[in-house]
Amino acid sequence: MSEQDNLYAMRHSLAHIMAGAITRLYSGVKLGVGPVVENGFYYDIDLGPEVKLSEDDFGRIEEEMQKIIAEDYVFEQSMKSVDEAMVWAHEAGQPYKMELLNDLKREGTTIAKDLDTTMMGLPAGISGTTAPQPITEVSFYTDGDFTDLCRGPHVESTGKVGAFKLMRVAGAYWRGKDTNPQMQRVYGVAFATPKELRQYLDMLEEARKRDHRKLGAELDLFVFSDLVGAGLPLWTPRGTVLKNQLDAFVQSLRDEAGFEQVSIPHLTKKDLYERSGHWSKFKDELFRMTTREGHEFAMKPMNCPHHTQIYAAQPRSYRDLPIRYRDTTMVYRDEQSGELGGLSRVRGITQDDAHVFARVSQIDDEARVLWRVIETFYNSCGFEQLRLRLSTHDPENMAGYAGGAEKWESTVGQLRAVIEEKVGDDYFTGVGEAAFYGPKIDFMARDAIGREHQLATIQLDFNQPEGFDLTCTNEAGEPERIVMLHCAVMGSHERFLSVYIEHTAGKFPVWCAPEQVRLLSVNQEPSTLQFVSELQARGRALGLRITTDNSNESVGKKIRSAEMWKVPYTLVIGEKEISGSGLAPRIRSDLATSGEPKNLAVEDFLQSVAAEARSRASQSTL
Ligand SMILES: [Zn+2]
Ligand SMILES: [Zn+2]
């Protein structure tokens, strides 16, 4: 068994052990399903309306689980006919298992679409919705006094499950339907060794400290208002500086690559989206409205259809191509309230969007250009390694994709060639991960605490040019169908910032820090305040974001406050500084390259910080 398979078996076995422990501790326990999830497992359990589990109960449950582990029961498989299994479910008082078995019996060869076949005790190899032959038998596993409907695989015995910890309990409707009974979903995490478990828990603790929602409030970057609504972040002056600096960097890289800025309204007539396919594809996510004249409009969920109309507004020659538009603008998607969380999932999304209108023969070059922009941006933001995914259609299930299979094969092949030329076989393929209009290259960035996030994409689109009849006149004077490339570098400002804030723990480099330098006056003497104000004016003249703290607090307290705000450079201004003997900047520890603070002339200090900001240095040059 591979390490990965073994870990899966451990986590899966722990779900049984937990269900067994809870069954020992409480009466009338009714079990739903208990699958393996990322880093662990859960089990949906119904303890009746009276018993509400909380984290306070975890100690007792974990203790009982440890007993079952120490007792080292072998996981023994037994087969039952579906009818025998139903007798078991009845006698064991397990109505949810009964429901699953009933479904199985009634539907014959059809498996419940919402459930993992493992949970139904069905043979391995049945993964779709239709079994190859009628199902006659289901599988059970017994460890000690606990038996469950299950396909396996498990570890050999309960003593071989590695290290685990119960994490949380949450409400969950049976089979995800809100008309069904509410169950309690108990989550645990599990790893092969106590050391790996410890590392994971430490990472979670670090993630909690860095949570962008927490830092967003502490560093005054963005807010939400109940009056405005969920999923609609409002950016404060500080947050706006940060966001705009990052965007300006992306746009400067794009401009070097020949992009031109365009801008578009946030609304459109229904007609545009009917033509693009978004009206039917995204109908539930569209914010729609009807005008007083009875016309249907929608807030744009994407920018490409608008951009096609700029391209299509005049005849284009092959000599004009590629035409590259960039546009940082908002799109709106009616995400479900339950899905919204901080900046990770929002309803008003700021995209640093771009579209290239190109000939088929230009795809490779254009993809390479976009790739370079992405790489430069992410490396400058401290994401050194980008993992690549080629997201393709699913040849087995073409229902969700526009255009024919042949077209898909050839465009996937074209993107694959671009990737392989650049990184060899150092990428993976995501079958069924493509956009509905074409394949894409996804860039996954690993953050400072080891989590991976999908951020930038380069998408190839042969469907919208088809739908909007976009052509150029070729060398022979005939209309030639073009292709589009979509490329958001940050993806969306909101999602990128949710990752970047946590990646940096709010310690932004000088170039994008909302506040680059803070001046702390040691007293309120007019001469001190005047010096501070002159220094601030000189810094501002160089384009620096330089603030002052002239409050009545002690210098120690002011220094601590600047540290809390994670300001890159802090200058204490007192007698010595005013007398002209230079400045001794305090440098935020992650930026400092040498231990000893230097004494610098005022102008040298200001010029150096301004140069760092211009060059987007990640470290202090002082
Ligand atoms: Zn099992
Ligand atoms: Zn697009």
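The values are calculated or read from the model by the stated rules, or taken from the named source; none is laboratory data. Here the structure is a predicted model, which is why all the values come from computation and not from measurement. Methodologically, a virtual Cβ is constructed for each residue, glycine included, from the backbone with ideal geometry; neighbour enumeration extends over all protein chains shown. The area values use the complete protein model at the heavy-atom level, side chains included, leaving out ligands, DNA and RNA. Shrake-Rupley method; radii C 1.70, N 1.55, O 1.52, S 1.80 Å.
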Subject >> Relative contact order (%) - criterion: Cα under 8 Å, at least six apart; region: the range 393-515 >> reply: 19
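Over all distinct Cα pairs, what is the inverse of the mean 1/r for the range 314-419, reported as the Kirkwood hydrodynamic radius in Å? Show your work: numbers first, answer last.
Values: mean 1/r = 0.0580 Å⁻¹.
For the range 314-419, inverting the mean 1/r across all distinct Cα pairs yields 17.2 Å.
Between Gln619 and Ala248, what length comes free when the chain is fully extended (0.36 nm per residue of separation minus the Cα-Cα distance, one decimal in nm)? Show your work: numbers first, answer last.
Values: separation 371, 0.36 × 371 = 133.56 nm, distance 2.00 nm.
Extra length from Gln619 to Ala248 when fully extended: 131.6 nm.
Rounded, prolate or oblate for the chain? Axes are the square roots of the Cα gyration tensor eigenvalues, ordered a ≥ b ≥ c, and the cut-off for rounded is a/c under 1.5. Before the final figure, lay out each step's value.
Values: a/c = 2.26, a/b = 1.32, b/c = 1.71.
In terms of gyration-tensor shape, oblate.
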Subject >> Acute angle (nearest 10 degrees) that the helix 3-25 long axis makes with the longest principal axis of the chain, alpha-carbon atoms >> reply: 60
Original post:
Under a straight-distance cross-link criterion of Cα-Cα below 13 Å, which aspartates and glutamates are reachable from Lys30, leaving out those fewer than 8 residues away in the same chain?
Top reply: Asp44, Asp46, Glu91, Glu99, Asp148
Original post:
Between Gln385 and Glu205, what FRET efficiency comes out of the Förster formula 1/(1 + (r/R0)^6) with R0 = 25 Å and r the beta carbon distance, rounded to 0.05?
Top reply: 0.55
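How much length is gained if the chain between Asp394 and Gln66 is pulled fully straight, taking 0.36 nm per residue apart and subtracting their Cα-Cα distance, in nm to one decimal?
Values: separation 328, 0.36 × 328 = 118.08 nm, distance 4.37 nm.
Result for the pair: 113.7 nm of gain on full extension.
Give me the percent of accessible area attributable to carbon and sulfur for the range 124-240, probe 1.4 angstrom.
Values: 3200 of 6030 Å².
Here carbon and sulfur together make up 53 percent of the probe-accessible area.
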Subject >> the chain, dipole about Cα centre (Lys/Arg Cβ +1, Asp/Glu Cβ -1), debye to the nearest 20 >> reply: 1640
Original post:
Taking 0.36 nm per intervening residue step and subtracting the Cα-Cα distance, what contour gain separates Ser280 from Arg213 on full extension?
Top reply: 20.7 nm
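Considering only DSSP beta bridges whose two residues both sit in the chain, what percent are antiparallel, to the nearest 5?
Values: 79 of 95 bridges.
Around 85 percent of the beta bridges assigned by DSSP in the chain are antiparallel ones.
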Subject >> Quotient of C-alpha Rg and 2.2 N^0.38 Å, computed over the range 182-288 >> reply: 1.67
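Take the cross-link list Lys300/Lys440; Lys209/Lys243; Lys195/Lys507; Lys209/Lys507 and give me the ones stretching past 24 Å between alpha-carbons.
On the way: Lys300/Lys440 21 Å; Lys209/Lys243 22 Å; Lys195/Lys507 29 Å; Lys209/Lys507 13 Å.
Flagged as over cut-off: Lys195/Lys507.
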Original post:
Given Cα pairs under 8 Å that are at least 6 residues apart, what percent is the relative contact order of the range 229-323?
Top reply: 23
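Give me the net charge of Gly231's neighbourhood, meaning all other residues with Cβ under 10 Å from the Cβ of Gly231; Lys, Arg count +1, Asp, Glu -1.
Working: positive: Arg333, Arg345, Arg347; negative: Asp334, Glu335, Glu339, Glu494.
Combined, the nearby Lys, Arg, Asp and Glu give -1.
What value in Å³ per residue do you get for the convex hull of the alpha-carbon atoms in the range 252-297? All intermediate terms of the calculation are to be shown ahead of the outcome.
Details: hull volume 5.7 nm³, N = 46.
Output value, Cα hull per residue: 124 Å³.
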Subject >> Top positive-direction residue, dipole computed over the range 201-338 with Cβ charges, set Leu234, Thr329, Ala207 >> reply: Thr329
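Trypsin sites (Lys or Arg not before Pro), restricted to the range 223-289: which are DSSP loop and have at most 12 other Cβ atoms within 10 Å?
Lys283
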Original post:
Any idea how far the Cα center of the range 352-370 sits from the one of the range 501-518, in Å?
Top reply: 32
Subject >> Loop sites in the range 465-562: GluC sites (Glu not before Pro), DSSP, at most 12 other Cβ within 10 Å >> reply: Glu475
Subject >> Virtual spin-label span in nm between Gln530 and Glu3, 7 Å along Cα→Cβ >> reply: 6.8
Original post:
Under a Cβ-Cβ cut-off of 12 Å, what is the net charge of the residues other than Arg359 that fall near it, where Lys and Arg count +1 and Asp and Glu count -1?
Top reply: -3
**OP:** Compute the long axis of helix 363-380 from its Cα atoms, compare it with the longest principal axis of the Cα atoms of the chain, and write down the angle in degrees, 0 to 90, nearest 10.
**Re:** 80
**OP:** Determine the dipole magnitude for the range 252-352: charges of +1 sit on the beta-carbon of Lys and Arg, -1 on that of Asp and Glu, nothing else is charged, the reference point is the Cα centre, and the result goes in debye to the nearest 20.
**Re:** 180
Subject >> Solvent exposure of the range 519-622 as accessible area per residue, Å², 1.4 Å probe >> reply: 53
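Apply 1/(1 + (r/R0)^6) to the Cβ-Cβ distance of Glu196 and Thr291, taking R0 = 41 Å, and write down the FRET efficiency to the nearest 0.05. Please report the intermediate quantities before stating the final value.
Working: r = 58 Å, r/R0 = 1.43.
Calculated value: 0.10.
Given a 1.4 angstrom probe, I'd like the percentage of the accessible area of the range 350-466 that is carbon and sulfur, rounded to a whole number. Before the final figure, lay out each step's value.
On the way: 1980 of 4620 Å².
Using a 1.4 Å probe with all protein chains present, the range 350-466 comes out at 43 percent carbon and sulfur.
Sorting check: for 3-14, 187-198, 168-179, which peptide has the highest mean count of neighbouring beta carbons within 10 Å, and how do the rest follow? All intermediate terms of the calculation are to be shown ahead of the outcome.
Numbers: 3-14: 18.8, 187-198: 16.4, 168-179: 13.1.
So the peptides 3-14, 187-198, 168-179, ranked by packing, come out 3-14, 187-198, 168-179.
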Subject >> Computed Kirkwood radius, in angstrom, where 1/r is averaged over Cα pairs of the range 496-576 >> reply: 13.5
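Return the calculated 222 nm mean residue ellipticity for the chain, to the nearest 500 deg cm²/dmol, obtained by summing -39500 (n - 2.57) across DSSP H runs with n ≥ 4 and dividing by the residue count. Walk me through the numbers on the way to the answer.
Details: 18 runs with 221 residues, N = 622.
Dividing the helical sum by the residues of the chain leaves -11000 deg cm²/dmol.
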**OP:** Run the numbers on the chain and let me know its relative contact order in percent, using alpha-carbon pairs under 8 Å that are six or more apart.
**Re:** 10
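Can you check what the net charge comes to around Arg446, using other residues whose Cβ is under 15 Å from the Cβ of Arg446 (Lys, Arg +1; Asp, Glu -1)? It would help to have the intermediate numbers written out before the result.
Details: positive: Arg210, Arg387, Arg389, Arg451; negative: Glu206, Glu375, Glu384, Asp426, Asp442, Asp447, Glu452, Glu502.
Neighbourhood net charge equals -4.
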